[in-house]
Amino acid sequence: MESASEFSCSLCCDLLLDPVLTPCSHTFCRACISRACSSGHKSCPLCRKKFHDFDPRTAPTSDMAAQIAAAVPQSVVAQRQSNAPCTFQLVVSNLHEEIPGPADRSNKWTLWVALHDVANEDVAAIIGKVVYELPHTCRQRHVTAYPPFFSMCRHGGTSFTVRCRVYWNSVLDMLPSEVDHPLVFENGGNRTLSSIDVDRVSMAALQLEKVQSVANKGGELQLSKRKTFRAVGLDERAFSALGLEPTKGANVGNSAVTLQTFLKPSNLRPEGDRSLLEVVVGNRTKGLVQKDAAVMYHQWVMYVNLPHFQMSQSMMIDHVVYTWHPTEGKDTGIGRFPNFEVPCLGWETCEVSCTIHWTPLLGLQPKTVVHEPVFNGLGGRTSATIKVNARRLQCFAQ
């Protein structure tokens, strides 16, 4: 195995996660270099060379990702992914429109705050309010904006910089974030980006609070097709924030615990009538590849599908663990949001054990389904059914 330092990010000193290669040939975690650039640094943190036409948010993943996958144990990579914070791009934007009238009121501008690639209804759950701080020349210096768009509109003659103070949902236990946005009265307006890290434990608590509020009101859970929140574990902060209690004997110290095992929603009714939930584990064949002169290898992709809850399955499943015969040294893969898929490679047919870990609201233990891949046509499917509390399942009805 390669030395750990070879695959370390110079900014976070941890294993590279989604590595990005800069124009000066240095490699950083995408989130780390994005955070550095959004805070005003326009040069490489190592060699100080200026970045030109380089956007770490859209830059392709470095080839080092394949080297890490080959040299670092899957369990270490999975642990790194689970410990990494959620990173959001906070976007402050303004639109500009010229209107007839006095010179000091000839510019109409609208300012608002959003999270990149997050639906408005989800932004409203993450951000509590935004306070805009205007210059001394403005009659009202502090303007507070609320969900869903956190917007304000004003008239003025000259441009200036607005300080935006973002107050997060109290469940996230975060201090307000400040972003200085320069108003631009040309080309329609301007936007300012800032990378924000959110603790995964706190995001899990916020997700469950949202799910529970819908369940308690007896409504249907409407899911955004864009970024949604993955619950991977909760500690004592999350339990207290949600009004939940751990089951007897659960270890909820400083380390995160497994939701499916230890989460016990205190306001849900006892198990009652049950419904059957169909689970499909399948594979899509991708053909043959020749890795050496003597052996042809099969390529395929494992996946999980809930036929009657396709729009909701990303909120019903936390992650999926696939285990197969180690024909190429690797014998385990973890499928995560949004598709829960894992690519596989092997030279013979072998059974794949698929263990599905559910979101805690369903109150289910992990379910294991054994699937034998089919390497012709579109692939194969294995179906299974499990019993789920009908009331809990109703929260995810489409």
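Write down the Å³ per residue value for the convex hull defined by the alpha carbon atoms of region 42-81. Present the calculation step by step, with values, prior to reporting the outcome.
Working: hull volume 4.4 nm³, N = 40.
Spread over its residues, the Cα hull of region 42-81 gives 111 Å³ apiece.
Taking a probe of 1.4 Å, how large is the accessible area per residue of region 22-171, in Å²?
That works out to 53 Å² for each residue.
Output the Kirkwood hydrodynamic radius of region 23-111, Cα pairs only, in Å rounded to one decimal.
One over the average 1/r among Cα pairs gives 16.8 Å for region 23-111.
Spin-label model, Gln74/Thr332: points 7 Å from Cα along the beta carbon direction are separated by 0.8 nm. Structural descriptor for region 1-115: relative contact order 20 percent, calculated from alpha carbon pairs under 8 angstrom and at least 6 residues apart.
How about region 89-159: which chymotrypsin sites (Phe, Trp or Tyr not before Pro) there lie in a loop by DSSP and see at most 16 other Cβ atoms within 10 Å? All intermediate terms of the calculation are to be shown ahead of the outcome.
Numbers: sites: Trp109, Trp112, Tyr132, Phe149, Phe150; in loops: Phe149, Phe150.
Passing both the DSSP loop test and the Cβ count: Phe149.
Can you pull the percent of region 96-146's accessible area that's carbon plus sulfur, 1.4 Å probe, other chains left in place? The computed percentage sits at 48.
Rolling a 1.4 Å probe across all protein chains gives Asp180 an accessible area of roughly 70 Å².
Considering only DSSP states other than H, G, I, E and B, which trypsin sites (Lys or Arg not before Pro) in region 20-83 qualify as loop sites with at most 11 other Cβ atoms within 10 Å? For trypsin sites (Lys or Arg not before Pro) across region 20-83 that sit outside H, G, I, E and B with at most 11 neighbouring Cβ atoms in 10 Å, the list reads Lys42, Arg48. Full extension of the chain segment joining Gln89 with Glu186 gains 32.6 nm, where the gain is 0.36 nm per residue of separation less the Cα-Cα distance. Label zone (Leu276, point 7 Å along Cα-to-C-beta; backbone nitrogen cut-off 13 Å) within region 372-398: 383-388.
How high is the relative contact order of region 317-380, given as a whole-number percent (alpha carbon pairs under 8 Å, six or more residues apart)?
Working: 108 pairs, mean separation 20.1, N = 64.
Contact order relative to length: 31 percent.
Residue ranges 278-287, 151-160 sort as 278-287, 151-160 when ordered by packing (mean number of other C-beta atoms within 10 Å per residue, highest first).
The values are calculated or read from the model by the stated rules, or taken from the named source; none is laboratory data. The model shown is predicted, which means the values in this text are computed figures rather than measured ones. We place every Cβ from the backbone using ideal geometry, glycine too, and count neighbours over all the protein chains shown. To get the accessible areas, we keep the full protein, side chains included, count just its heavy atoms, and leave off ligands, DNA and RNA. Shrake-Rupley method; radii C 1.70, N 1.55, O 1.52, S 1.80 Å.
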